[in-house]
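Working notes for the structure below.
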Amino acid sequence: MHSGKSEGYENVMGKLYEFGLRKGMRVLDERTAPFRRWLDEQIRLPNEGYFPVLYRTIVAAFLCMTGYADEPAVNEWVLKRLETVYLFAEQGKLKDAYVSRDSFRGFPKAYRAYPLINPELYPNDEFKLPWVHDVNAFLHSPMLMEDAQLRGKVEAVVDLVLRPEYQRLHVGYGVMRHSSGRYYVMGWGVHLPGYFGSEVEAEDSGRLLLLLSVLSRSQVARKHPWFKKSVALLNRYKTGEGLVCFPREFLPEKRFGYWVGGARMGL
């Protein structure tokens, strides 16, 4: 489900989403049925570490993107994640996101390059910070986006992501400490390429295109200076015919990499 391999669920679903496959197409319905059943079973099980919550979120996000947002299990999980992330976004205590690595015994030496995420941000392994998969799910969910109150919560999450304080968080968030005493590196934050500068590194350009695409669904994002600056950057590559011709390095197709990170831009 979560893999940089070409056959990983998230990479396959990202490509099918780009190709325009949606719910109601027989082959897609057949191939996604096991994942939809899995999610229906999973949402009734307890959390054991952060992996179940992350995997459920990844599966639900790509199901939302391909038209299955109205299915009960998908709907239930996405709404649950929105309530969790929104409560944190409303409080906005980003300055308390990290604690000293010496707060607990046994911090792995191999993880010394990463900060330790405050355990208050993942009670019962319910991660309160937004993953990029959460944003994809929220902004592709008609249930959320067509309800004024719920859309307001989605926009509050987007507003959190657009704040300088959020963008200054460690790329990939950092390290989580499970109640068992084990440590895990946590990633998949919503860091925006070129947020603090005027240019975007070539290796970040694929991710920039994907983030602009999904965030264009948000009114808050479309009004933000980062969004306008990024669109202006892309307009540099407009041709006389009105098309956009990106440099080759903008469109990598890596043998190992994540669609959500812009590593699968061959289409």
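The values are calculated or read from the model by the stated rules, or taken from the named source; none is laboratory data. Just so it is clear, the structure is predicted and the values come from calculations on it, not from any experiment. Cβ: placed from backbone, ideal geometry, glycine included. Neighbour counts: every protein chain shown.
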Residue match in the range 153-163 (condition: loosely packed, with under 14 Cβ neighbours inside 10 Å and of a type in the set (Asp, Glu)): no
Residue count for the range 238-267, restricted to those that are part of a loop (DSSP other than H, G, I, E, B), more than 20 Å from the chain's Cα centre (by Cα) and within 30 Å of VAL157 (Cβ to Cβ): 2
Test: residue in the range 33-40 that is among the aromatic types (Phe, Trp, Tyr) and closer than 23 Å to ARG255 by Cβ: no
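Just to be sure before I move on: is PHE62 touching a Phe, Trp or Tyr at 6+ places or on another chain (Cβ under 9 Å) and not in a helix (DSSP H, G or I) in the structure I sent? Step through it out loud before you land on a result.
Details: touching a Phe, Trp or Tyr at 6+ places or on another chain (Cβ under 9 Å): yes; not in a helix (DSSP H, G or I): no.
No: the conditions fail for PHE62.
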Hey, ARG37 out of contact with any Lys or Arg (no Cβ under 6 Å at 6 or more places or on another chain), modelled with pLDDT under 95, charged (D, E, K, R) and closer than 29 Å to HIS178 by Cβ or not: no
Number of the condition not met by PHE127 [criteria: (1) touching a residue at least 40 places away in the same chain (Cβ under 8 Å); (2) more than 28 Å from VAL214 (Cα to Cα)]: (2)
Scan of the range 188-202 for residues that are surrounded by fewer than 14 Cβ atoms within 10 Å (Cβ to Cβ) and part of a loop (DSSP other than H, G, I, E, B), ordered by number: PHE196, GLY197, SER198, GLU199, GLU201
Any hit, the range 217-238, residues being under 29 Å from VAL53 (Cβ atoms) and either among the hydroxyl-bearing types (Ser, Thr, Tyr) or in contact with a Pro (Cβ under 9 Å, 6 or more places away or on another chain) (or both): yes
Residue in the range 166-187 that is in a helix (DSSP H, G or I) and either in contact with a Pro (Cβ under 9 Å, 6 or more places away or on another chain) or not β-branched (Val, Ile, Thr) (or both) present: yes
Among residues of the range 20-30, those that are surrounded by 11 or more Cβ atoms within 10 Å (Cβ to Cβ) and either among the hydrophobic types (A, V, I, L, M, F, W, C) or in contact (Cβ under 8 Å) with a residue 24 or more places away in the chain (or both), counted: 5
Some residue of the range 69-89 being in a helix (DSSP H, G or I), aromatic (Phe, Trp, Tyr) and surrounded by fewer than 22 Cβ atoms within 10 Å (Cβ to Cβ): yes
Selection count where residues are under 29 Å from ASN75 (Cβ atoms), in contact (Cβ under 8 Å) with a residue 40 or more places away in the chain and surrounded by fewer than 20 Cβ atoms within 10 Å (Cβ to Cβ), scope the range 173-187: 2
Residues being aliphatic (A, V, I, L, M) and assigned to a loop (DSSP other than H, G, I, E, B) - total across the range 10-31: 2
Which numbered condition PHE62 fails, given (1) of a type in the set (Phe, Trp, Tyr); (2) under 20 Å from PRO130 (Cβ atoms); (3) surrounded by fewer than 20 Cβ atoms within 10 Å (Cβ to Cβ); (4) within 18 Å of the chain's Cα centre (by Cα): (3)
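Quick grid of which residues meet (1) farther than 23 Å from GLY14 by Cβ; (2) touching a residue at least 40 places away in the same chain (Cβ under 8 Å):
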residue	(1), (2)
TYR237	no, no
GLU241	yes, no
VAL244	no, no
ARG248	no, no
GLY262	no, yes
